[in-house]
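The values are calculated or read from the model by the stated rules, or taken from the named source; none is laboratory data. Computed from a prediction, not measured in an experiment: that's the story for all the values here. Here the Cβ positions follow ideal geometry from the backbone for every residue, glycine too, while neighbour counts run over all protein chains shown.
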Amino acid sequence: MDITQLILDDHHEQRRLFAMIEEIDRTDTAALAALWTRLSALLDVHAEAEELFFYPEVLKLGTGAGGADSAAGETKDAIHDQNEIRDTAADVARHDVGSRDWFNAVDKANKANSEHMGEEEREGLTDFRRHASLELRHDLAYGSPRTMRVISRGRPGRQGSSEVHRLEPVGSTRRSRATWQFVPEPDRQ
Ligand SMILES: [Fe+2]
């Protein structure tokens, strides 16, 4: 297993679910609601697992790739983007499923997510493939699916993780903005 491939697989599933929402009968609100529930949960768990397990390792090992000049820059951009995805996904829930406003909100979430995925695939994933050992890539991939299931059932305590990972929790509400705030390591400032 490889964490970079696991992330790509999740991205593919996110793209697939957005495409299914585009293709489905717009009056079939039950199907739309079911698809969005599945997709929004995947977006949420995927982002949090990356913040907990992937980006802390990128910070330790990365040097910047795909136009980013540092791992700190890659991580900061990713967390900013993931908060934007959380915001746009939360906005979807404020509208009636299948309404024009609902589809517009889904489009905004799709745009924010696709921009983020493209950047992450050029930067963080590339950086990690270049600098992380295959053993670490395997270990993170092996651990993260189990952890993601734990997250999806209920959030584990975050304080300990923040100390290790240099990512500071500033909110605990599901999909709240700035759930995590990037804290630069002193020697990288
Ligand atoms: Fe991602």
Q. Any idea which residue in the range 79-92 is surrounded by the most Cβ atoms within 10 Å (Cβ to Cβ), counting only those that are among the hydrophobic types (A, V, I, L, M, F, W, C) and within 12 Å of the ligand (Cβ to nearest atom)?
A. Ile85
Q) Do any residues in the range 41-54 that are outside any helix (DSSP H, G or I) have Cβ atoms under 6 Å from those of residues that are more than 10 Å from the ligand (Cβ to nearest atom) and modelled with pLDDT of 85 or more, where the two are at least six apart or on different chains, and which pairs are they? A) none
Q: Any chance you could count how many residues in the range 36-71 are among the aliphatic types (A, V, I, L, M), more than 13 Å from the ligand (Cβ to nearest atom) and closer than 16 Å to His116 by Cα?
A: 4
Q.
For the range 5-28, check the following and say yes or no: at least one residue is touching a Phe, Trp or Tyr at 6+ places or on another chain (Cβ under 7 Å), of a type in the set (D, E, K, R), assigned to a loop (DSSP other than H, G, I, E, B) and surrounded by fewer than 16 Cβ atoms within 10 Å (Cβ to Cβ).
A. no
Q | Boolean, Thr126 is surrounded by 15 or more Cβ atoms within 10 Å (Cβ to Cβ), in contact with a strand residue (DSSP E or B) (Cβ under 7 Å, 6 or more places away or on another chain) and in a helix (DSSP H, G or I) | A | no
Q. Which condition breaks for Val106 when tested against (1) buried (at least 20 other Cβ atoms within 10 Å of the Cβ); (2) at pLDDT below 95; (3) away from the ligand (no atom under 14 Å from the Cβ)?
A. (2)
Q.
Tell me whether the range 61-78 contains one or more residues that are surrounded by 14 or more Cβ atoms within 10 Å (Cβ to Cβ), of a type in the set (D, E, K, R) and over 21 Å from Ala141 (Cα atoms).
A. yes
Q: Can you confirm whether the range 16-34 contains a residue that is in contact (Cβ under 8 Å) with a residue 40 or more places away in the chain, out of contact with any Cys (no Cβ under 7 Å at 6 or more places or on another chain) and within 12 Å of the ligand (Cβ to nearest atom)?
A: no
